[in-house]
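What follows is a short report on a single structure.
The values are calculated or read from the model by the stated rules, or taken from the named source; none is laboratory data. Note that the structure is predicted; figures quoted are calculated from it, not measured. Glycine gets a Cβ as well: all are built from the backbone with ideal geometry, and neighbour counts include every protein chain shown.
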Amino acid sequence: MISAERIPNNVNLSGNKRLLRALEHWQPKYIQWWRDMGPQGFQDYHQVYVRTAVSVDPEGWAHFEYVKLPEYRWGIFLADPTPDRRIGFGDFFGQPVWQEVPGEFRNQLRRLVVTQGDTEPASVEQQRWLGQRCPSLYDLRNLFQVNVEEGRHLWAMVYLLHSYFGRDGRDDAEELLERQSGNRDKPRILQAFNEPIDNWLDFFMFTMFTDRDGKSQLMSLSESSLDPLSRTTRFMLTEEAHHMFVGETGVARILERTCQLMKEAGFSGDVRKLGGIDLPTIQKHLNQWFSLSVDLHGSEVSSNAASYFANGLKGRAKEETFDDHLVTSAVYNMEFFEEGRPVGREVSMRNAMNEVLRDWYVGDCAAGVERWNRILEQYGFSDRLRLPDRKFNRGIGMYAGLHFEPNGAPLSRQEWERRKYEWLPSRADSEYLLSIMARPVYEPGKFANYIAPPRRGINQQPIDFEYVRTEH
Ligand SMILES: [Fe+2]
Ligand SMILES: [Fe+2]
């Protein structure tokens, strides 16, 4: 039995018996999933210093405590309603937002919620072995914070499914626990969420680039005419910010350590000889996760995206900053690739909405890479990390099946096969990373050799705080 009090919420759970019953049915399956597919080896004997959202105001949202992971209080929170909120784009522009799901958009909305919901448990599954290879207790705690919040995001989507989509929604909620990342028969819906994350460089790149895709998707859903979806995703965005902080600072700290080791070794020294992570390896992982995450934005020309926009289901990031919210006649200049050459052509803007969101995403990523490059600059190195061209290594959209160098130059298939490990992690790279992560660091204040300590601890605790402690 669960009680409404066990689930921190601002959706009046104790007054909604039907919803409470549905969650009572789902919750034990969720906990079983968490035990089977969540952090391996950190279920019963470890207490983790995590942030639990107990309300949506600034104090409630920064509530820290030690908990055993399966006992984390996964809550259900919607951002406060905006009084008299109106539909901000598309064919219903200016009308009041919806508090219920209109029958004609039920399937489309369900698909959006399920697709978003599927990514949340998937990432927990992908990251489940990382605790056994962690570079410090500080990082271990951050990993688990991200994991429990992805679990909470799953709860958020399951709340919507149970509340607004009837029987179908209940079935969807069960299936969210049945698909598994990387499973041959029942994989997760989106490819980036089926890729293994077995080392911490992958983890940091994932939280930098793939969680940032989460940010762009959540921003576009927070514009939705379906008000409960908008309010749910708005609150999820506050948590997403921490995930990207973990990724960006994680890579920054690896870079910093790499710079220190390069200096020690003499500028041209081989950093791997000193147990660090060399710049080419960092660049390859950047290429990998950026290109996988660019795919998550979908096809460049998409009638689904057009219809989501027309119906007000999914908008653009920061819709209020655009002048034209109807977008009935605007066009987008898109680069097609025909017979080995780029050809510019106009596409109706509504059909290009995936690309519009991708533009926002690429810009946000580029700013992050610039911040990383300042570290190289500070250490006096002329090397720079670069975001690959968006055509590079694509599996979805019009560049899928074609081949490009990271700078966007086209390549033949044979050339690609011959050279791809110049740009993407090879098996030898993965083996090297696993070799330096084989021994986890569990001593407070100690850090693995390949990563610099953070500037400060979590919640004003010292860096050598015992962020994860063993019971007894
Ligand atoms: Fe999430
Ligand atoms: Fe996230």
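Can you spot a residue in segment 401-423 that is among the hydrophobic types (A, V, I, L, M, F, W, C), in contact with a His (Cβ under 8 Å, 6 or more places away or on another chain) and outside any helix (DSSP H, G or I)? Within segment 401-423, one or more residues are among the hydrophobic types (A, V, I, L, M, F, W, C), in contact with a His (Cβ under 8 Å, 6 or more places away or on another chain) and outside any helix (DSSP H, G or I).
Within segment 451-469, being touching a strand residue (DSSP E or B) at 6+ places or on another chain (Cβ under 6 Å) and of a type in the set (S, T, N, Q) holds for one residue alone: Asn459. If only residues of segment 207-216 that are within 12 Å of ligand 1 (Cβ to nearest atom) and surrounded by 23 or more Cβ atoms within 10 Å (Cβ to Cβ) are counted, the one that is nearest to Pro135 (Cα to Cα) is Thr207.
State yes or no: is Gly397 under 18 Å from His297 (Cα atoms), at pLDDT below 95 and either within 26 Å of the chain's Cα centre (by Cα) or not charged (D, E, K, R) (or both)? Spell out how you get there, then give the answer.
Values: under 18 Å from His297 (Cα atoms): yes; at pLDDT below 95: no; either within 26 Å of the chain's Cα centre (by Cα) or not charged (D, E, K, R) (or both): yes.
Judged against the criteria, Gly397 is not a match.
Counting the residues of segment 425-472 that are at pLDDT 95 or above and in contact with a His (Cβ under 9 Å, 6 or more places away or on another chain) gives 5. Take the residues of segment 366-400 that are aromatic (Phe, Trp, Tyr) and part of a loop (DSSP other than H, G, I, E, B): which is nearest to Ala192 (Cα to Cα)? Step by step, filter segment 366-400, then rank; the result is Phe392. Do we find a residue being within 23 Å of the chain's Cα centre (by Cα), within 16 Å of ligand 1 (Cβ to nearest atom) and under 17 Å from Tyr450 (Cα atoms) anywhere in segment 229-247? Yes, that holds for at least one residue. Among residues of segment 34-56 that are modelled with pLDDT of 95 or more, those with a Cβ under 9 angstrom from a residue that is small (Gly, Ala, Ser), sequence gap 6+ or separate chain, pair up as Trp34/Gly151; Met37/Ser181; Gly38/Gly151; Pro39/Gly131; Gln40/Gly131; Gly41/Gly131; Phe42/Gly131; His46/Gly131.
Any residue at all in segment 256-275 that's of a type in the set (Lys, Arg), crowded, with 20+ Cβ neighbours inside 10 Å and touching a residue at least 24 places away in the same chain (Cβ under 8 Å)? Among the residues of segment 256-275, at least one is of a type in the set (Lys, Arg), crowded, with 20+ Cβ neighbours inside 10 Å and touching a residue at least 24 places away in the same chain (Cβ under 8 Å), which makes the answer yes. Sub-7 Å Cβ pairs linking a first residue in segment 327-345 that is closer than 21 Å to Asn311 by Cβ to a second residue that is β-branched (Val, Ile, Thr) and part of a strand (DSSP E or B), at least 6 apart or interchain, are Val331/Val347; Tyr332/Val347, ordered by first then second residue. None of Phe165, Phe203, Phe144, Phe235 is among the hydrophobic types (A, V, I, L, M, F, W, C) and in contact with a strand residue (DSSP E or B) (Cβ under 6 Å, 6 or more places away or on another chain) except Phe144. Among the conditions (1) among the acidic types (Asp, Glu); (2) at pLDDT 95 or above; (3) farther than 17 Å from Gly315 by Cα, the only one that Asp80 does not satisfy is (2).
Looking only at residues of segment 110-156 that are small (Gly, Ala, Ser) and in contact (Cβ under 8 Å) with a residue 60 or more places away in the chain, we find that the one that is surrounded by the fewest Cβ atoms within 10 Å (Cβ to Cβ) is Gly151. Just one of (1) of a type in the set (A, V, I, L, M, F, W, C); (2) in contact (Cβ under 8 Å) with a residue 40 or more places away in the chain; (3) out of contact with any helix residue (DSSP H, G or I) (no Cβ under 9 Å at 6 or more places or on another chain); (4) under 30 Å from Arg455 (Cα atoms) fails for Ala366. It is (2).
Would you check which residues across segment 101-129 are outside any helix (DSSP H, G or I) and of a type outside the set (A, V, I, L, M, F, W, C) and list them? Within segment 101-129, Pro102, Gln127, Arg128 meet the criteria. Here the condition is being of a type outside the set (A, V, I, L, M), within 25 Å of Gln32 (Cα to Cα) and touching a residue at least 60 places away in the same chain (Cβ under 8 Å); of Arg212, Arg184, Arg188, it holds for Arg188 alone. Only helices (runs of 4 or more DSSP H) whose full extent lies in segment 141-258 are considered here, and the ones with at least 3 residues that are out of contact with any Cys (no Cβ under 8 Å at 6 or more places or on another chain), closer than 30 Å to Trp98 by Cα and away from ligand 2 (no atom under 15 Å from the Cβ) are 166-175. The condition (being surrounded by fewer than 17 Cβ atoms within 10 Å (Cβ to Cβ) and either among the charged types (D, E, K, R) or farther than 30 Å from Gly315 by Cβ (or both)) is satisfied by just one residue among Arg394, Arg390, Arg418, Arg358: Arg418.
Residue-by-condition table, conditions (1) farther than 23 Å from Met37 by Cα; (2) in contact with a strand residue (DSSP E or B) (Cβ under 7 Å, 6 or more places away or on another chain); (3) modelled with pLDDT of 95 or more; (4) more than 16 Å from ligand 1 (Cβ to nearest atom):
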residue	(1), (2), (3), (4)
Glu100	yes, no, yes, yes
Leu109	yes, yes, yes, yes
Arg152	no, no, yes, no
Met157	no, no, yes, no
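Could you please give the count of residues in segment 297-337 that are surrounded by fewer than 23 Cβ atoms within 10 Å (Cβ to Cβ) and under 30 Å from Ile254 (Cβ atoms)? Summing the residues that are surrounded by fewer than 23 Cβ atoms within 10 Å (Cβ to Cβ) and under 30 Å from Ile254 (Cβ atoms) in segment 297-337 gives 1.
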